[in-house]
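Quick notes on the structure that follows.
The values are calculated or read from the model by the stated rules, or taken from the named source; none is laboratory data. All of these numbers come straight from a predicted model, not from anything done at the bench. A quick note on method: Cβ atoms are made from the backbone with ideal geometry, for glycine too, and the neighbour counts reach across all protein chains shown. Just the protein is used for accessible areas: all its heavy atoms, side chains included, with ligands, DNA and RNA removed. Shrake-Rupley method; radii C 1.70, N 1.55, O 1.52, S 1.80 Å.
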Amino acid sequence: MAWILLVLAGLLEVAWAIGLKYTEGFTRFWPTVGTVVAMMASLGLLGLAMKSLPVGTAYAVWVGVGAVGTVILGITLLGEPANAGRLISVGLIIAGIIGLKLASA
């Protein structure tokens, strides 16, 4: 269950990271509200997951899921570059997440 909460927390991290772009410096009300709600929910779920997962593993996976998701959405939604270096780097982050999961079993 902790791993499910952790992945959900990471997905909410993606939501608030992308949401930051749409707040336009916190000048747009509804995008700001959504971003802040996603931040609180993400941190709350991370805290719950940390009750039974090692802090280093949980934090690294949370950041990794957030980073990978944000890069992917940046490419697909915001037209950011999808060059080989970026994609290889994302693959390495994914490998690290998988490695941490396997090492925590």
Considering region 36-75 alone, what residues qualify as being among the hydroxyl-bearing types (Ser, Thr, Tyr) and either open to solvent by 60 Å² or more (accessible area, probe 1.4 Å) or over 11 Å from the mean Cα position of the chain (by Cα) (or both)?
Ser52, Thr57, Tyr59
So which residues in region 57-105 are farther than 23 Å from Ile4 by Cβ and of a type in the set (Ser, Thr, Tyr)?
Thr76, Ser89
The correct count of residues that are open to solvent by 40 Å² or more (accessible area, probe 1.4 Å) and either of a type in the set (Lys, Arg) or part of a helix (DSSP H, G or I) (or both) in region 76-102 is 17
Can you pull out every residue in region 2-29 that is open to solvent by less than 40 Å² (accessible area, probe 1.4 Å) and charged (D, E, K, R)?
Glu13
Exactly one condition in (1) outside any loop (DSSP other than H, G, I, E, B); (2) surrounded by fewer than 16 Cβ atoms within 10 Å (Cβ to Cβ) is false for Thr32; which is it?
(2)
